[in-house]
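The values are calculated or read from the model by the stated rules, or taken from the named source; none is laboratory data. What you see is a predicted model; the values in this text were computed from it and never measured. Reconstructed Cβ throughout: ideal geometry from the backbone, glycine too, with neighbour counts over all protein chains shown. These area figures cover heavy atoms from the full protein model, side chains too; ligands, DNA and RNA do not enter into them. Shrake-Rupley method; radii C 1.70, N 1.55, O 1.52, S 1.80 Å.
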Amino acid sequence: MAITGEVPGTVTLPPVATSYPDDFYWIHRTNISTATSGVATLDRTGLHSVVTDPGLVTASMTMASELIAGTEAFWVP
């Protein structure tokens, strides 16, 4: 679940806890409002802030051992 509104143009992501041994995961984000995109590599501890710029954003989370991404869409102020 993404947390928006804390810092303009950023989204805060909670830690990911799974039984997989991967030490990291990827967030693939696209800002539909600005047509920008990027990938952030995050570890599984603590909260992470990802700069997305304001607008309608989609984000997908993948891990090395995963075939189907979890995807979310949200508004970033």
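Listed by first and then second residue, the pairs linking a residue in region 1-14 that is more than 20 Å from residue 39 (Cβ to Cβ) to a residue that is open to solvent by less than 40 Å² (accessible area, probe 1.4 Å), with Cβ atoms under 6 Å apart and 6 or more places separating them unless they lie on different chains, are 6/12.
For every residue, the table says whether it meets (1) touching a Pro at 6+ places or on another chain (Cβ under 9 Å); (2) on the phi > 0 side of the Ramachandran plot; (3) at pLDDT 90 or above.
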| site | (1), (2), (3) |
| --- | --- |
| 9 | yes, yes, yes |
| 24 | no, no, no |
| 41 | no, no, yes |
| 50 | no, no, yes |
| 68 | no, no, no |
| 71 | no, no, no |
| 75 | yes, no, yes |
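Give the residue that is least open to solvent (accessible area, probe 1.4 Å), with candidates limited to residues of region 35-54 that are in contact (Cβ under 8 Å) with a residue 40 or more places away in the chain, assigned to a strand (DSSP E or B) and not hydroxyl-bearing (Ser, Thr, Tyr). Going through the qualifying residues, I end up with 50.
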